[in-house]
Amino acid sequence: MGLKALKQAGLEADLSTMVLIDEAGAHVRSTAALRVLSRCGAPFSLLYALILLPRPLRDLGYSCVAAVRYRLFGKDDGGSCRRMTKAMRARFLDQR
């Protein structure tokens, strides 16, 4: 279903970057991240003001953060896996 949604949105099946498909269309990289943050409430939603920057500049910033995200936010060691609750499952597309 996820791959089908990408195809319907005119996007390639490349999952190496963030993709958001919402009521306003398909968004990738910095635009997708900022649209998600806009729904998270303050203080994160305030970052949506960065949408005023030109997309190439935003995407450069997005790439820089992506390159150092593990150093900034840490990395899961993979030693344990959280079980997905029904509430969490409703937020994901099933690819079957």
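Where the second residue is part of a helix (DSSP H, G or I) and aliphatic (A, V, I, L, M) and the first is farther than 22 Å from residue 89 by Cα and open to solvent by 90 Å² or more (accessible area, probe 1.4 Å) and lies in region 1-14, which pairs have Cβ atoms under 8 Å and are six or more apart or on separate chains?
Matching pairs, first to second residue: 12/6.
When you go through (1) open to solvent by 100 Å² or more (accessible area, probe 1.4 Å); (2) part of a helix (DSSP H, G or I); (3) of a type outside the set (Gly, Ala, Ser); (4) under 19 Å from residue 91 (Cβ atoms) one by one for residue 37, which number turns out not to apply?
Of everything listed in (1) open to solvent by 100 Å² or more (accessible area, probe 1.4 Å); (2) part of a helix (DSSP H, G or I); (3) of a type outside the set (Gly, Ala, Ser); (4) under 19 Å from residue 91 (Cβ atoms), residue 37 misses just condition (1).
How many residues are over 15 Å from the mean Cα position of the chain (by Cα) and at positive phi if we restrict to region 13-72?
1
Residue check: is residue 70 open to solvent by less than 100 Å² (accessible area, probe 1.4 Å), of a type in the set (Phe, Trp, Tyr) and not in a loop (DSSP other than H, G, I, E, B)?
Criteria not met by residue 70.
Considering each residue of region 46-59, count those that are surrounded by 14 or more Cβ atoms within 10 Å (Cβ to Cβ) and free of Cβ contacts under 8 Å to residues at least 12 places away in the same chain, and give that number.
Qualifying residue count, region 46-59: 1.
Looking only at residues in region 1-34 that are of a type in the set (Val, Ile, Thr) and not in a loop (DSSP other than H, G, I, E, B), which one is nearest to residue 55 (Cα to Cα)?
Step by step, filter region 1-34, then rank; the result is 31.
Do we find that residue 29 is more than 24 Å from residue 5 (Cα to Cα) and surrounded by 10 or more Cβ atoms within 10 Å (Cβ to Cβ) in this structure?
When the stated conditions are applied, residue 29 does not pass them.
Take the residues in region 75-94 that are within 22 Å of residue 19 (Cα to Cα) and assigned to a loop (DSSP other than H, G, I, E, B), then tell me which one is most open to solvent (accessible area, probe 1.4 Å).
91
The values are calculated or read from the model by the stated rules, or taken from the named source; none is laboratory data. As the structure is a computational prediction, the values presented were derived from the model and not from experiment. For neighbour counting, all protein chains shown are included, and Cβ atoms are generated from backbone atoms with ideal geometry for every residue, glycine included. Heavy atoms of the whole protein, side chains included, go into the accessibility calculation; ligands, DNA and RNA do not. Shrake-Rupley method; radii C 1.70, N 1.55, O 1.52, S 1.80 Å.
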